[in-house]
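Everything below concerns the one structure shown next.
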Amino acid sequence: MQLHQAFIIKAKKLGNKIAVYDQTTGKDISYSKMLIASLILSKYFSRYHGEHIGVMVPTSAGCMLSVLGSLMCGKTPVMINYATGARENSIYAQERCSFKTIITSKKLLDKLNVEPLEGMVYLEDIMESLTIFDKLKAAIKSKLPGSILHLLVHRGSENENCVILFTSGSERDPKAVQLSHKNIFHNINALPKIIDIDASDIFAATLPVFHVFGLTTTFWLPILIGASIVAHANPLDYKAICDSIKKYKVTLLLGTPAFFYGYLQKAKIGDFASIRYAIAGADKVTDQLREGYMRKHNLEIMEGYGTTETSPVISVNVPGANKPGSIGRPLPGVKVKIIDRETDKELPPNKEGKIIVKGELVMNGYLGDLEETSLRIRDGWYDTGDMGILDDDGFLWHRGRLRRFVKIGGEMVSLVRVENILEKLLPEDAVCCVVDVPNPKKGSDIVAAVTTKEINKKQIQKKMAKELPSIAIPKEFHVIEDIPIMPSGKVNFREVEKICRKLENDKTN
């Protein structure tokens with residue numbers, strides 16, 4: 001079975017239950033209306049040539065329906081990140097995936113002040129062009145028995161691609177990740193086995209659907225277990241999101257630490273009383289953030305771990321099995337090994353090495369990049385590029401990207417560990433990022449970028465020296481008013497590194 005077929009079964013069963021409370025349009029859309037609208041869009045999208053179709057729409061019912069409509073007519077949606085350059089990313093996606101048509105929104109392009117590209121089609125124009133006959137035909141079709149309706153939409157293998165997503169590009173150019181129906185289904189089937197979630201839950205969909213975290217956990221997961229979704233187009237509209245959490249009595253809040261920090265600043269005591277689970281991923285959760293939520297909302301943030309290439313969830317902490325600071329135990333059906341970064345030999349518990357993963361969650365590969373695919377997937381094992389350990393209890397601990405380790409004076413230094421120690425010495429509302437810059441004598445120097453007022457550099461260095469070797473202590477601290485953040489909530493390390501290198505060069509010239 002494929003994802004859109006599973007949706008048809010759920011929609012037929014739930015009928016008038018609200019599937020999406022769309023905060024963009026102010027409309028409440030039932031499962032039956034979602035089914036009718038997706039059938040309409042499927043018919044419309046089938047007119048376009050090619051196996052791929054671009055989708056560049058903010059998190060909303062319109063975005064979710066565009067994905068469903070694409071799959072129902074046998075096209076693979078290519079999700080385009082509009083937050084880091086809508087025009088550039090659209091062109092990149094069209095060229096990389098060899099397609100022309102991009103479903104988008106006139107309001108979005110106006111807001112971004114972006115001129116439309118050839119091939120862009122507005123959702124608003126599609127809806128305005130529909131006739132009474134189009135709507136009536138789709139409504140009648142939606143009433144057919146599920147067994148017949150399945151024959152009228154695309155049918156294929158669960159190994160077929162169901163989406164193409166792009167990696168964040170925080171460290172290098174984005175890669176086109178091909179995820180199958182089987183990949184996404186793995187997360188959807190595994191998560192309810194370890195977390196008590198069902199059709200009675202209400203999910204806050206605040207994450208962008210062009211990232212796998214949002215696509216799987218706040219769209220496909222709730223829609224296929226029959227839950228309701230409160231959709232917000234702008235993840236940075238913290239006040240509106242906090243208000244809607246209280247209004248709709250949201251029970252599941254998933255997001256990045258950066259977004260959770262924003263909610264913490266705007267939410268009032270009592271706003272989060274309905275939340276049963278708060279789960280963060282995509283970046284590390286600081287002790288200050290955990291303590292802030294416990295102090296203000298008596299709410300425990302549980303941390304998980306995943307990658308675009310693994311659909312995404314690999315491991316997660318859950319009630320009754322939560323070690324703060326860890327990234328949880330692997331999901332059912334997921335194998336995780338820690339291997340030596342040089343010899344690839346499997347390491348015993350509590351030894352640090354590369355994290356590799358195996359299971360049905362692992363992608364089909366990178367589109368048009370067989371070489372990179374073969375480097376990252378060997379014998380079914382996906383090399384995450386992350387460093388970590390598995391402890392005696394089977395909990396995974398993240399130690400940072402392999403690329404975020406730097407060799408100084410012959411020693412490997414973890415920039416993430418340096419950040420963890422530095423964070424504890426900075427004001428509570430400060431954000432920091434540690435990067436390396438070239439040094440002609442030693443190869444590299446470690447410098448820190450912080451979002452705060454000027455700090456006592458010598459005092460902080462002295463305190464850090466109690467926990468770190470001298471080569472790992474930042475030699476310089478640069479105050480940056482706004483540290484570049486990706487739409488996913490991750491720090492944009494490439495941009496921070498560029499800024500720090502420029503500041504270092506300006507200092508020496």
>> Every residue in segment 81-97 that is touching a residue at least 12 places away in the same chain (Cβ under 8 Å), surrounded by fewer than 24 Cβ atoms within 10 Å (Cβ to Cβ) and outside any helix (DSSP H, G or I), please.
In response: Y82, A83, T84
> Any idea which of (1) aliphatic (A, V, I, L, M); (2) within 20 Å of V285 (Cβ to Cβ); (3) in a loop (DSSP other than H, G, I, E, B) is the one I389 doesn't satisfy?
Replying inline: (3)
>> Which pairs turn up if I take residues in segment 20-40 that are closer than 16 Å to K247 by Cα and look for partners that are among the charged types (D, E, K, R) and in a strand (DSSP E or B) with beta carbon separation below 7 Å, at least 6 apart in sequence or on another chain?
In response: Y21/D28
> Do you know which residues across segment 327-384 are under 22 Å from N317 (Cβ atoms), in a strand (DSSP E or B) and of a type outside the set (S, T, Y)?
Replying inline: R329, P330, K335, V336, K337, I338, G353, K354, I355, I356, V357, K358
> If a residue has to be closer than 20 Å to Q2 by Cβ and charged (D, E, K, R) to count, how many in segment 70-116 make the cut?
Replying inline: 1
> Which is crowded, with 20+ Cβ neighbours inside 10 Å and either under 30 Å from D482 (Cα atoms) or in contact with a helix residue (DSSP H, G or I) (Cβ under 9 Å, 6 or more places away or on another chain) (or both), of P208, P192?
Replying inline: P208
> For segment 25-43, which residues satisfy the criterion of being touching a Gly at 6+ places or on another chain (Cβ under 9 Å) and surrounded by fewer than 19 Cβ atoms within 10 Å (Cβ to Cβ)?
Replying inline: T25, S30, S32, K43
> Among the residues of segment 5-23, is any touching a Cys at 6+ places or on another chain (Cβ under 7 Å) and either part of a strand (DSSP E or B) or of a type in the set (G, A, S) (or both)?
Replying inline: no
>> Looking at the structure I just gave you, is M127 within 17 Å of G62 (Cα to Cα) and at pLDDT below 95?
In response: yes
>> So E360 ticks every box in (1) touching a strand residue (DSSP E or B) at 6+ places or on another chain (Cβ under 6 Å); (2) under 30 Å from E95 (Cα atoms); (3) at pLDDT 95 or above but one. Which box is left unticked?
In response: (1)
>> Anything in segment 103-155 that is among the β-branched types (V, I, T) and assigned to a helix (DSSP H, G or I)? List them, or say none.
In response: I126, I132, I140, I148
> From the residues in segment 421-460 that are part of a helix (DSSP H, G or I) and either crowded, with 19+ Cβ neighbours inside 10 Å or within 28 Å of the chain's Cα centre (by Cα) (or both), which one is modelled with the lowest pLDDT?
Replying inline: E423
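For every residue, the table says whether it meets (1) modelled with pLDDT of 95 or more; (2) closer than 23 Å to M486 by Cβ.
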residue	(1), (2)
Q23	yes, yes
D28	yes, no
L39	yes, no
S46	yes, no
I53	yes, no
V78	yes, yes
T84	no, yes
E115	no, no
Y122	yes, no
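Let's see how each residue does on (1) hydrophobic (A, V, I, L, M, F, W, C); (2) over 24 Å from V491 (Cα atoms):
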{"residue": "K249", "(1), (2)": "no, yes"}
{"residue": "I275", "(1), (2)": "yes, yes"}
{"residue": "G304", "(1), (2)": "no, no"}
{"residue": "V318", "(1), (2)": "yes, yes"}
{"residue": "S326", "(1), (2)": "no, no"}
>> Among the listed residues K10, K17, K33, identify the single one that is within 26 Å of the chain's Cα centre (by Cα) and at pLDDT 95 or above.
In response: K10
>> Quick check on segment 49-65. Is at least one of its residues surrounded by 20 or more Cβ atoms within 10 Å (Cβ to Cβ), more than 30 Å from N492 (Cβ to Cβ) and charged (D, E, K, R)?
In response: no
> Is it true that some residue in segment 226-239 is free of Cβ contacts under 8 Å to residues at least 40 places away in the same chain and surrounded by 24 or more Cβ atoms within 10 Å (Cβ to Cβ)?
Replying inline: no
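Residue-by-condition table, conditions (1) hydrophobic (A, V, I, L, M, F, W, C); (2) in contact with a Phe, Trp or Tyr (Cβ under 6 Å, 6 or more places away or on another chain); (3) modelled with pLDDT under 95; (4) crowded, with 20+ Cβ neighbours inside 10 Å:
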site	(1), (2), (3), (4)
L252	yes, yes, no, yes
A258	yes, no, yes, yes
Y261	no, no, yes, yes
Q265	no, no, yes, no
F272	yes, no, no, yes
I275	yes, no, no, no
D283	no, no, yes, no
D287	no, no, yes, no
Y293	no, no, no, yes
>> For the structure I just gave you, tell me whether E303 is in a strand (DSSP E or B), within 23 Å of the chain's Cα centre (by Cα), charged (D, E, K, R) and modelled with pLDDT of 95 or more.
In response: yes
> Is segment 158-176 home to any residue that is over 30 Å from T384 (Cα atoms) and charged (D, E, K, R)?
Replying inline: no
>> Looking only at segment 170-227, filter to residues that are modelled with pLDDT of 95 or more and of a type in the set (D, E); which one of those is nearest to G304 (Cα to Cα)?
In response: D196
>> If I filter segment 306-326 down to residues being part of a strand (DSSP E or B) and among the polar types (S, T, N, Q), which single residue comes out as nearest to R399 (Cα to Cα)?
In response: S326
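The values are calculated or read from the model by the stated rules, or taken from the named source; none is laboratory data. These numbers were taken from a predicted model, which means no experiment stands behind them. Glycine gets a Cβ as well: all are built from the backbone with ideal geometry, and neighbour counts include every protein chain shown.
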